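*Asks:* Once you've had a glance at the structure underneath, I'll fire off some questions.
The values are calculated or read from the model by the stated rules, or taken from the named source; none is laboratory data. The structure presented is a predicted model; accordingly, all values stated were derived computationally and were not measured. Here the Cβ is made from the backbone with ideal geometry for all residues, glycine too, and neighbour counts use every protein chain on show. For accessibility, only protein heavy atoms count, side chains too; no ligands or nucleic acids. Shrake-Rupley method; radii C 1.70, N 1.55, O 1.52, S 1.80 Å.
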Amino acid sequence: MKKILFMLIGVSLLFAGPVFSSDTIKIGLMCPLTGSWASEGKDMRQIVELLAGQVNEEGGLLGKQVEIVVADDGGDPRTAALAAQRLASRGIVGVIGTYGSSVTEASQNIYAATNTLQIANGSTSVRLTEKGLPYFFRTCPRDDEQGRVAVEAMLEKGYKRIAILHDSTTYARGLADEARTLLADADAQVVFFDALTPGEQDYTTILTQIRRDEPDVVFFTGYYPEAGMLLRQKMEMGLNVPFIGGDANNNPDLVKIAGNRAAKGFRFLSPPVPQDLPSPVAQDFLAAYIEKYGQAPGSIWAVLAGDGFRVLAKAIAETGSTETATLAAYLKNDLQAFPGLTGMINFDEKGDRIGDVYRVYEVDEEGNFILQM
Amino acid sequence: MELFFTQLTNGLAVGGIYALIALGYTMVYGVLKLINFAHGDLFTIGAYLGLTLLASLGLTGYVGTAGGLLFLALMVMGLVGIIGILLDRAAYKPLRNSPRLSAVVSALGASIVFSNTIMLVYGPSPKVYPQGLLPTHVFYLFGLPVPIMRIIILATSLFLMIGLYVFIQKTRTGTAIRAAAIDQGAARLMGINVDRVIMLVFFIGPALGGAAGLMVGLHYGQINFTMGWIYGLKAFTAAILGGIGNIPGAMVGGLLLGVIESMGAAYISNAWKDAIAFFVLILILIVRPTGLLGERVAEKI
Amino acid sequence: MSFSGKNIRNGIYAAVAVCWIAAPVFLSNYQTDVLNNIAIYALLGLSLNIILGYGGMFHMGHAAFFAIGAYTTAIINTSYGIPVLWLLPLSGITAGVFALVVARPIIHLRGDYLLIVTIGMVEIVRIALVNNIFGITGGPNGIFGIASPQVFGHPINGIVSPGHYFYLLTAFLAFTIAVFYLLEHSRYGRALKYLCSDSIAAEGSGIDTSGYKLSAFVIGAFWAGMVGNLYAGKITFISPESFSFWESVVMFMIVILGGAGSIPGVLLGAILIIGLPEFFQELQQYRLLIFGIALVAMMIFRPQGILPPKPHTYPVDKLDEKEVTL
């Protein structure tokens, strides 16, 4: 019986929450710190904490220090729903995040219900901004935009027989479907449409299938670890079909996995990385990040989280308010051509980022990502 | 037909790795009737240790030669084997006389600990082995291109499996392991040090898993902290398919699972590949309830 | 067991129940939502307990039944607008029928062979959902826009007011505990436990073992399907990721850690397995490491589970007064 009492005490400790204080401006960050996407979450946190530190050094916002409240969404919807409830009950002004579309989706309604401003950074699924949620924004572009640019890039090269390979995640499947729909109206043919299983090592089976169907190009909509393996095994098999990838391939680890020789000539779509932007904002950020963490940020999505923080900080500073409705109205109506870490930022009525964001990159002999247009 | 044979070699290469990991499951199961769910993570540890040793010992220069590679493999196997023994001491030994499923939950806990430790030590991004250590030569078998590494992987797996089989069947120690697997009490009465046998099993099984991890790292190049979960599940499936507790069964099960997967992917659907493999497994178990080579044990009364 | 010991135990149960019911008054929405998650997993654990705890069948694929219940609710609610709670029995029935069809050929498999087959089942279900089987599951995107349940015309929104949903879940949890308590102490429950501890002897005593095992499977699946309904109504958005093999592992751990075959044990298991990782949130990326260590430590500390079922005792002096039926 004593043990039961002991455990009751333990359980009640669970709810001994942290003490609230209102002398800081709290901004939430929801990111995957555990699970398969932990590398993204780590970068997101490093970038947002770096930027918040800079703001605090310059005196903070509205005379108060900025405090980043981090919650781990584990990369899965159920954990994300809890993380959202947790952040929403911590008195935050707004929340940055998160990465995966279905993970964001699980949190969206909770933030909407609690009138919390949310700025997602990596969730590109179209329907997230089609629900009419007034306080939802995202700094990343949408899958339909990316699909359009990808199809244009492929048609421009004169490819006729196109293979589309996804990995059955919400994001990759969405992008693959967008591309297939657009290609149906074009002078090209989808000769292969299938999914690989992410997290495996050996993709020779699926590459053998692709070889049989003789495509002119393979559009891979999944993530960089699999892309790296595909490129490497493609070379080992002596398969010479060119690959073009979606924006989840913008990670230098791709080249490390594939090797310079196999990665050469691989093209992918992505919003521009700070390295490619001449603007002082991007260059200063890059220098500060390298100084603090010893290397350039790995993932473009984490940089987009940084942009999410910067627009929110800008809105708070400009409006002098922490009211969600005021901030959202500012972001939609008054924020014009804000110099972001990834180019100019404007939002439309839905909370989507306006403008031509996508660029095509190609990997060169030394494994560098070279901006094409 | 060309497609068929290419896919067959693809399947066998993956299957060889499944089989090697499955041996660890099956050996531990044979002696302790314990499903070691942390075994997949020992495989991951092997892959990461191999990378660390490769970098820190400056072996990269020599490892291209067979001698350097062998030395690396032995070190990884030894270290992972020791981790296996420690795992048993910490998480399983206190539960030896408890309900079987308690040890399964302890194993799941150990698996969480291992994978998160790897994430914290090495960081969450995938790690990459140095390239160009191994021959990438492609040679032609009946006009079909077969990368030489495919053959080397399969040959190494088979060599380790046959070595283990001979060890278990022909040596005194092997006989002791078999005796302990059949009846621990009787083995004890015959003067066999069952605790030593268990320790040995927890050394050999993880060592083979570690070797598989090293092979995956060397050949595929990319390793990540979650890969043990997928390989572990596949290897467990393979061990059951062959008849768990049975060493040739694990080999047959592993190779067969690899082939079923690649054939399912090639002729039905890639997206449904794992579902097809599990479906075939279920069909086989309905027909042969103790796996392909599992003994038909009479109900214990 | 002495009379006073029993009284103390019942007193503690009553105190826990009172604390549980009063909790949302003092807690934030987040903390209440943690309790909601605990309640959902407690329900799943209790339904798995019928199969794993009483029936002794190694079943690590319970998320499949949970998924089928949730998808039944989601598909019918979003396509035909039938209120969520009306679909509660139907969600259970589809999961139960699925279990009946699937379990029939595999129910005779022993121990670990059954384990891998149930793992295979849950993976096949997940892959089928991801690949948009029959074109109705929404593929990897899942299904969104599920309505909140209504009680007497009042919508109970699990997102806006976790406190309201808490009482819906608590009511269902209380009902479940009552039903399963009666089941445990019925002739059926005793037969199931008997067959679990010694199936040969049970068969010898005239118990139809495979019939009992199959029915336990179907009851557990039926209940998990109903929990799927409540889950879909709570989160209003479901996708295949929520029903992975790992979810089945979580349910399995709840039952074994708490104490297989023990209702209070399973409830405590749900509190620990779902509550601890949240409790460790402050540790951020270290939280799962600490959770794993805690799991191993708890198992070693209490190898039979934390609150194992007490062996049923039949007082000898009253034996001749009662007719012993089993």
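*Asks:* Just to confirm my filter: which helices (runs of 4 or more DSSP H) fall fully inside the stretch C:40-130 and include at least 3 residues that are more than 14 Å from chain B (Cβ to nearest Cβ) and open to solvent by 10 Å² or more (accessible area, probe 1.4 Å)?
*Replies:* Values: elements: C:63-80, C:88-106, C:111-130.
Those helices (runs of 4 or more DSSP H) span C:63-80, C:88-106.
*Asks:* Further question: What residue, among those in the stretch A:89-104 that are within 9 Å of chain C (Cβ to nearest Cβ) and either touching a residue at least 40 places away in the same chain (Cβ under 8 Å) or open to solvent by less than 10 Å² (accessible area, probe 1.4 Å) (or both), is farthest from C:ASN157 (Cα to Cα)? Steps first, answer last, please.
*Replies:* Start the filter on the stretch A:89-104 by keeping residues that are within 9 Å of chain C (Cβ to nearest Cβ), which leaves A:89-90, A:100-103.
Remaining after also requiring either touching a residue at least 40 places away in the same chain (Cβ under 8 Å) or open to solvent by less than 10 Å² (accessible area, probe 1.4 Å) (or both): A:90, A:100-103.
Numbers: A:ARG90: 21, A:GLY100: 25, A:SER101: 23, A:SER102: 20, A:VAL103: 20 Å.
Restricting to residues being within 9 Å of chain C (Cβ to nearest Cβ) and either touching a residue at least 40 places away in the same chain (Cβ under 8 Å) or open to solvent by less than 10 Å² (accessible area, probe 1.4 Å) (or both), the top hit is A:GLY100.
*Asks:* Note down all Cβ pairs under 7 Å where the first residue falls in the stretch B:186-198 and is within 14 Å of B:LEU32 (Cα to Cα), the second is open to solvent by 40 Å² or more (accessible area, probe 1.4 Å), and they're at least six residues apart or on different chains.
*Replies:* Partner pairs satisfying both residue conditions: B:VAL194/B:GLN184; B:VAL194/B:ARG188.
*Asks:* Give me the helices (runs of 4 or more DSSP H) completely within the stretch B:1-101, filtered to those with at least 3 residues that are open to solvent by 20 Å² or more (accessible area, probe 1.4 Å) and farther than 18 Å from B:TYR220 by Cβ, ordered by residue number.
*Replies:* On the way: elements: B:2-32, B:39-56, B:60-63, B:66-87.
By residue number, B:2-32, B:66-87.
*Asks:* Please indicate, with yes or no, whether at least one residue in the stretch A:19-35 is at pLDDT below 85, within 14 Å of chain B (Cβ to nearest Cβ) and outside any strand (DSSP E or B).
*Replies:* From the stretch A:19-35, those at pLDDT below 85 are A:19-23, A:34-35; that's our starting set.
Now drop any that are not within 14 Å of chain B (Cβ to nearest Cβ), which leaves A:34-35.
If we keep only those that are outside any strand (DSSP E or B) as well, we get A:34-35.
Looking through the stretch A:19-35, at least one residue is at pLDDT below 85, within 14 Å of chain B (Cβ to nearest Cβ) and outside any strand (DSSP E or B).
*Asks:* Can you list the strands (runs of 3 or more DSSP E) lying wholly within the stretch A:182-249 that have 1 or more residues being open to solvent by 20 Å² or more (accessible area, probe 1.4 Å) and at pLDDT 90 or above? Step through it out loud before you land on a result.
*Replies:* Values: elements: A:189-195, A:217-220, A:243-245.
Answer list for the stretch A:182-249: A:189-195.
*Asks:* Still on this structure, please answer the following. Does the stretch A:291-307 contain at least one residue that is open to solvent by less than 50 Å² (accessible area, probe 1.4 Å), free of Cβ contacts under 8 Å to residues at least 60 places away in the same chain and touching a helix residue (DSSP H, G or I) at 6+ places or on another chain (Cβ under 8 Å)?
*Replies:* There is at least one residue in the stretch A:291-307 that is open to solvent by less than 50 Å² (accessible area, probe 1.4 Å), free of Cβ contacts under 8 Å to residues at least 60 places away in the same chain and touching a helix residue (DSSP H, G or I) at 6+ places or on another chain (Cβ under 8 Å).
*Asks:* Inside the stretch B:135-150, can you point out the residues that are out of contact with any Ser or Thr (no Cβ under 9 Å at 6 or more places or on another chain), more than 9 Å from chain A (Cβ to nearest Cβ) and either closer than 16 Å to B:GLU2 by Cβ or modelled with pLDDT of 70 or more (or both)? Write out each step before concluding.
*Replies:* Of all residues in the stretch B:135-150, those out of contact with any Ser or Thr (no Cβ under 9 Å at 6 or more places or on another chain) come to B:135-140, B:142-143.
Remaining after also requiring more than 9 Å from chain A (Cβ to nearest Cβ): B:135, B:137, B:139-140, B:142-143.
B:HIS137, B:PHE139, B:TYR140, B:PHE142, B:GLY143, listed by residue number.
*Asks:* Every residue in the stretch C:251-283 that is within 12 Å of chain A (Cβ to nearest Cβ), modelled with pLDDT of 90 or more, open to solvent by less than 10 Å² (accessible area, probe 1.4 Å) and within 13 Å of C:ASN37 (Cβ to Cβ), please.
*Replies:* Result: C:ALA270, single match.
*Asks:* Somewhere in the stretch C:174-184, is a residue within 15 Å of C:MET226 (Cβ to Cβ), surrounded by 12 or more Cβ atoms within 10 Å (Cβ to Cβ) and polar (S, T, N, Q)?
*Replies:* Yes, the stretch C:174-184 has at least one match.
*Asks:* Those residues that are at the interface with chain B (Cβ under 10 Å from one of its Cβ atoms) and hydrophobic (A, V, I, L, M, F, W, C), I need them from the stretch A:211-238; list them, please.
*Replies:* Selection gives A:MET229, A:MET235, A:MET237.
*Asks:* Please go through the stretch B:264-290 and give me each residue that is within 7 Å of chain C (Cβ to nearest Cβ) and either buried (at least 23 other Cβ atoms within 10 Å of the Cβ) or under 30 Å from A:HIS166 (Cβ atoms) (or both), ordered by number. Reasoning before the result, please.
*Replies:* Residues of the stretch B:264-290 within 7 Å of chain C (Cβ to nearest Cβ): B:271-272, B:274-275, B:278-279, B:281-282, B:285-286, B:289-290.
B:ALA271, B:TRP272, B:ASP274, B:ALA275, B:PHE278, B:PHE279, B:LEU281, B:ILE282, B:LEU285, listed by residue number.
*Asks:* For the list (1) modelled with pLDDT under 90; (2) within 12 Å of chain C (Cβ to nearest Cβ), I need the number of the one condition that A:TYR111 fails.
*Replies:* (1)
*Asks:* Give A:ASP187, A:ASP202 a once-over and let me know the one that is over 28 Å from B:ILE230 (Cβ atoms), in contact (Cβ under 8 Å) with a residue 24 or more places away in the chain and not small (Gly, Ala, Ser).
*Replies:* Working: A:ASP202 fails: over 28 Å from B:ILE230 (Cβ atoms).
From the options A:ASP187, A:ASP202, the qualifying one is A:ASP187.
*Asks:* Next question. If B:VAL259 satisfies all but one of (1) surrounded by fewer than 24 Cβ atoms within 10 Å (Cβ to Cβ); (2) of a type in the set (A, V, I, L, M); (3) over 13 Å from B:GLY15 (Cα atoms), what's the number of the condition it fails?
*Replies:* (3)
*Asks:* Look at the stretch B:200-245 and say how many of its residues are hydroxyl-bearing (Ser, Thr, Tyr) and in contact with a Ser or Thr (Cβ under 7 Å, 6 or more places away or on another chain). Talk me through it step by step, then tell me what you get.
*Replies:* Looking only at the stretch B:200-245, we keep the residues that are hydroxyl-bearing (Ser, Thr, Tyr), and these are B:220, B:226, B:231, B:237.
Still in the list and also in contact with a Ser or Thr (Cβ under 7 Å, 6 or more places away or on another chain): B:226.
Counting residues in the stretch B:200-245 that are hydroxyl-bearing (Ser, Thr, Tyr) and in contact with a Ser or Thr (Cβ under 7 Å, 6 or more places away or on another chain) gives 1.
*Asks:* Regarding A:LEU155, is this residue aliphatic (A, V, I, L, M), open to solvent by less than 30 Å² (accessible area, probe 1.4 Å) and free of Cβ contacts under 8 Å to residues at least 60 places away in the same chain? Outline the logic, then answer.
*Replies:* Working: aliphatic (A, V, I, L, M): yes; open to solvent by less than 30 Å² (accessible area, probe 1.4 Å): no; free of Cβ contacts under 8 Å to residues at least 60 places away in the same chain: yes.
In short, no.
*Asks:* Still on this structure, I have one more. Looking at this structure, is A:GLY367 small (Gly, Ala, Ser), in contact (Cβ under 8 Å) with a residue 60 or more places away in the chain, open to solvent by 30 Å² or more (accessible area, probe 1.4 Å) and farther than 22 Å from A:SER125 by Cα?
*Replies:* Values: small (Gly, Ala, Ser): yes; in contact (Cβ under 8 Å) with a residue 60 or more places away in the chain: yes; open to solvent by 30 Å² or more (accessible area, probe 1.4 Å): no; farther than 22 Å from A:SER125 by Cα: yes.
Judged against the criteria, A:GLY367 is not a match.
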